[in-house]
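The values are calculated or read from the model by the stated rules, or taken from the named source; none is laboratory data. Here the structure is a predicted model, which is why all the values come from computation and not from measurement. Here Cβ is always computed from backbone atoms with ideal geometry, including for glycine, and neighbour counts include all displayed protein chains. For accessibility, only protein heavy atoms count, side chains too; no ligands or nucleic acids. Shrake-Rupley method; radii C 1.70, N 1.55, O 1.52, S 1.80 Å.
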Amino acid sequence: MLLGIGAVGAFLAVDLGAVAYANDWIGSRFTRQSFIDLFESVSGLHPGFRRNHAKGVAVAGHFESNGDGAELSEAAVFAAGTSPVVGRFSLSGGNPVGADAPGATRGLGLAIGFPGLHQWRTAMVNLPVFPVNSPQGFFDQLLASKPDPATGKPDPAAMAKFTAAHPESVAATNIIKQHPPTPGFADSTFSSLNTFYFVSGSGARTPVRWSFVPRQAALPAAKPGRDVLFDALVRQLKSGPLRWDLHLVVGAPDDPVDPTLLWPTDRRVVNAGVLVLDSVQTEAPGNARDVNFDPLVLPDGIQPSDDPILSARSAIYAASYRARSGEPKSPSAIQVDEVAS
Amino acid sequence: MSTTARFPVRSRILHWLTAILVFAALLIGFAMVNSIGSYAALVALHMTIGITILVIVIVRIVNRFTAKPPNWPATIGRVEAKIISNSERLMYLLLVAQPLVGWAMVSATGRPAVVFGVPLPRIAPFSDGLYFALRQTHSVLAYLLVIVIAAHVSGVLLHTIALRDRILSRMTFGVRRGS
């Protein structure tokens, strides 16, 4: 009998110990929750909103493929034809009601082919390179840029420590400074930054980075104010569709996967078609508000590279999505009906 | 009736296959939500294992009605028999419900679940409220599975080692003494 109880005790210790270990109840590791907690400590808790790129507006339209991308990828989206698109423009940061800063990173999330079986989701920004090349680097940068409560500014010592530890981010920041932001959302180029592999029907794998390149200039907002960038975008979308060309940049096998590094400028570019955004909505249930623009929701014919930022983004976006989906919602800052057209 | 009668071979294979896959799915599931570097790979594996379990358990339910299990040993009394058969029904229910809830939860985010690289049709409407309810349910069912499986294994170990009624040998392979 004692032996039996001992055996059961040993089994339960191993079994429940494994569950506890897998759940991270033992000790503390660097997890996606570390990022969620840090976003909340930097920007405050804003229930129902994304933890980063919290301020945004929903858009919809379609992607008109010209068929030229099919040379690189067998994904259905690159066959000549049209795919529906839902998307969201956003500004970086965890504050959903902050003032639009011209220098804040602008985001464009797209779900092409939503909600079908062969969707392609991408979350892009208006930068030439990503400022960090590892999840730890992202965390350290966010932590170093957290405003000091005493001064309201980041602690210079913390930032100096970050730059000393992350020379790749110093180099990336210099590249970013050479590409100042455009006047608005409508004339911004939105890029994948991370590298993916496009797989053709014959099985050839090609490293690709993509950019959506604007066809229009940005109109100014009707009046200055807190939402000057979004107001200008909404106003322009109310007056007609906005278009971006999808440029697929064809990498060489030894081009860096590291997203802080540019590829050589002579790389071939395949123009795969045009993104047409023709409607804009206030964030609401069932529109882009509720889409997680997870960069690893990919159709057959597009595969992730081993850039560690990709899995980290997927993990942290999922944690943010789970948290906000269970929280009470409050109205988004950008109310489309209130923008003068 | 022999106390050393075994389950049919196909039942034993299905049982141990389920055991391995369920342990893997549970541990990967608990680990992946804390993982950063391996998150995407673990989620892909978890979804594939989960739907595989669903298929195997449906086969097992059919098999349960077509392959007669051996009798229980005499050490199991009437009350214990009732507890065991109810807990086994609960385990079947959980093993069907859990993959379906997982599949529905992914569907409610507006994307397909992907199994062995193949996208599955969505089985729930796109809704963040529904996603959240299913997501919480998925966690609750996971812990219920941990508890029911722990009870199942503990009972078998107690019978086999303390009562020496060879209950475990009904489900094992290989040559046994006295058979």
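Here are the numbers for this structure:
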| item | result |
| --- | --- |
| Every pair of residues 6+ apart whose Cβ atoms lie under 6 Å, when the first sits in segment B:153-166 and is more than 7 Å from every other protein chain (Cβ to nearest Cβ) while the second is surrounded by fewer than 18 Cβ atoms within 10 Å (Cβ to Cβ) and assigned to a helix (DSSP H, G or I) | B:VAL156/B:LEU168; B:THR160/B:LEU168 |
| A:ALA284 in contact (Cβ under 8 Å) with a residue 40 or more places away in the chain, loosely packed, with under 15 Cβ neighbours inside 10 Å and over 30 Å from B:GLY129 (Cα atoms) | no |
| Given (1) farther than 30 Å from B:ARG164 by Cα; (2) out of contact with any helix residue (DSSP H, G or I) (no Cβ under 7 Å at 6 or more places or on another chain); (3) within 14 Å of chain B (Cβ to nearest Cβ); (4) part of a helix (DSSP H, G or I), number of the condition A:ILE36 does not satisfy | (2) |
| Residue in segment A:277-287 that is of a type in the set (A, V, I, L, M), within 28 Å of A:PHE139 (Cα to Cα) and either touching a strand residue (DSSP E or B) at 6+ places or on another chain (Cβ under 6 Å) or within 13 Å of chain B (Cβ to nearest Cβ) (or both) present | no |
| Residue count for segment A:242-281, restricted to those that are open to solvent by less than 30 Å² (accessible area, probe 1.4 Å) and more than 16 Å from A:SER191 (Cα to Cα) | 6 |
| Checking A:ASP187 against (1) over 19 Å from the mean Cα position of the chain (by Cα); (2) of a type in the set (Asp, Glu); (3) assigned to a loop (DSSP other than H, G, I, E, B), the condition it does not meet | (1) |
| Residue count for segment B:110-148, restricted to those that are assigned to a loop (DSSP other than H, G, I, E, B), more than 28 Å from A:PRO285 (Cβ to Cβ) and more than 9 Å from chain A (Cβ to nearest Cβ) | 1 |
| Some residue of segment B:105-116 being surrounded by fewer than 17 Cβ atoms within 10 Å (Cβ to Cβ) and modelled with pLDDT of 95 or more | yes |
| Residues satisfying the stated conditions in segment A:4-24, i.e. surrounded by fewer than 12 Cβ atoms within 10 Å (Cβ to Cβ) and either within 7 Å of chain B (Cβ to nearest Cβ) or closer than 30 Å to B:ILE36 by Cβ (or both) | A:ALA13, A:VAL14 |
| Residue satisfying condition, being at pLDDT 95 or above and surrounded by fewer than 19 Cβ atoms within 10 Å (Cβ to Cβ), within set B:LEU95, B:LEU144, B:LEU168, B:LEU134 | B:LEU144 |
| Test set (1) within 9 Å of chain B (Cβ to nearest Cβ); (2) part of a loop (DSSP other than H, G, I, E, B); (3) over 17 Å from A:SER192 (Cα atoms) - A:ALA318 fails condition number | (2) |
| Meets criteria (in contact (Cβ under 8 Å) with a residue 40 or more places away in the chain, within 14 Å of chain B (Cβ to nearest Cβ) and either open to solvent by less than 30 Å² (accessible area, probe 1.4 Å) or outside any loop (DSSP other than H, G, I, E, B) (or both)) for A:VAL297 | yes |
| Residue tally, condition aliphatic (A, V, I, L, M), closer than 15 Å to A:ILE112 by Cβ and in a loop (DSSP other than H, G, I, E, B), over segment A:65-79 | 2 |
| Scan of segment B:29-38 for residues that are free of Cβ contacts under 8 Å to residues at least 60 places away in the same chain, open to solvent by less than 30 Å² (accessible area, probe 1.4 Å) and either assigned to a helix (DSSP H, G or I) or in contact with a Cys (Cβ under 7 Å, 6 or more places away or on another chain) (or both), ordered by number | B:MET32 |
| Which numbered condition B:VAL101 fails, given (1) free of Cβ contacts under 8 Å to residues at least 60 places away in the same chain; (2) aliphatic (A, V, I, L, M); (3) within 27 Å of B:HIS15 (Cα to Cα); (4) within 14 Å of chain A (Cβ to nearest Cβ) | (4) |
| Residue, nearest to the chain's Cα centre (by Cα), within segment A:39-51, restricted to residues that are surrounded by 17 or more Cβ atoms within 10 Å (Cβ to Cβ) and assigned to a helix (DSSP H, G or I) | A:PHE39 |
| Every residue from segment A:324-341 that is crowded, with 20+ Cβ neighbours inside 10 Å and either small (Gly, Ala, Ser) or not in a helix (DSSP H, G or I) (or both) | A:SER325, A:SER332, A:ALA333, A:ILE334, A:VAL339 |
| Residues of segment A:202-225 classified as part of a loop (DSSP other than H, G, I, E, B) and at pLDDT 95 or above, total | 7 |
| Counted residues, segment A:192-210 - those being open to solvent by 20 Å² or more (accessible area, probe 1.4 Å) and among the hydroxyl-bearing types (Ser, Thr, Tyr) | 3 |
| Condition met for A:THR189 (under 18 Å from A:ALA123 (Cα atoms), open to solvent by 40 Å² or more (accessible area, probe 1.4 Å) and of a type outside the set (Lys, Arg)) | yes |
| Considering residues of segment A:95-109 that are among the aliphatic types (A, V, I, L, M) and surrounded by fewer than 18 Cβ atoms within 10 Å (Cβ to Cβ) only, the residue farthest from A:ARG324 (Cα to Cα) | A:ALA101 |
| Test: residue in segment A:58-79 that is open to solvent by 20 Å² or more (accessible area, probe 1.4 Å), more than 13 Å from chain B (Cβ to nearest Cβ), in contact with a strand residue (DSSP E or B) (Cβ under 7 Å, 6 or more places away or on another chain) and free of Cβ contacts under 8 Å to residues at least 40 places away in the same chain | yes |
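Table: residues versus (1) within 14 Å of chain B (Cβ to nearest Cβ); (2) open to solvent by 70 Å² or more (accessible area, probe 1.4 Å); (3) in a loop (DSSP other than H, G, I, E, B).
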{"residue": "A:PRO84", "(1), (2), (3)": "yes, yes, no"}
{"residue": "A:GLY93", "(1), (2), (3)": "no, no, yes"}
{"residue": "A:ALA111", "(1), (2), (3)": "yes, no, no"}
{"residue": "A:ARG121", "(1), (2), (3)": "yes, no, no"}
{"residue": "A:PRO131", "(1), (2), (3)": "no, no, yes"}
{"residue": "A:THR151", "(1), (2), (3)": "no, yes, yes"}
